[in-house]
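Encoded as structure tokens, here's the structure I'll be asking about.
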Amino acid sequence: MVELSYDLDADAMYLQVSSEIVHHTVEVDSGTMVDVATDGSVVGIEIVTPARNWPIDRMLVEFEISDEATALLRSLYRTVSNESPAASGSGSALILPFREVRTANSAAGSVAVAR
């Protein structure tokens, strides 16, 4: 199970990778939180303002992220080289425009979901 949702009003993306119960949340940086199960596996990743440099390679090394979730993240982000002025370091990534995303209005606001 991998589900990606994007709240247009909050400019926040959430990648849910399992239905396990969240044991604790790790703040990676001021806009990236990782929900972790008791066994150390990732339950979900929240990225606030996803159209920014984001430490995708660091996330993939530090956390147990499924191959399916990794493939989805890689499809949404492109790696920024160290030579790029926008890069904040090796392994940073910038979000690409969503492809094949449907939008729906919910009580929480506008949400885009990709599966």
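Just so you know, all these numbers are worked out from the coordinates, no wet-lab data involved. Owing to the predicted nature of the structure, the values given are computational and were not obtained by experimental measurement. No Cβ is skipped: glycine too gets one built from the backbone with ideal geometry, and neighbour counts run over all protein chains shown.
Add +1 for every Lys or Arg and -1 for every Asp or Glu among the other residues with Cβ under 12 Å from the Cβ of T25, and state the total. List each step's numbers first, then the result.
Working: positive: none; negative: E27, D35, E46.
That sum, taken over residues with Cβ under 12 Å, equals -3.
Right, something else. If r is the Cβ-Cβ distance from D11 to S41 and R0 is 35 Å, what FRET efficiency results, to the nearest 0.05? Write out the running numbers ahead of the final one.
Numbers: r = 27 Å, r/R0 = 0.77.
In this case the efficiency is close to 0.85.
Full extension from E62 to E27: what is 0.36 nm times the residue separation minus their Cα-Cα distance, to one decimal in nm? Numbers along the way, then the final one.
Details: separation 35, 0.36 × 35 = 12.60 nm, distance 1.22 nm.
Value of the extension gain: 11.4 nm.
What does the charge count near D11 come to, summing +1 for each Lys or Arg and -1 for each Asp or Glu among other residues with Cβ under 15 Å from its Cβ?
-2
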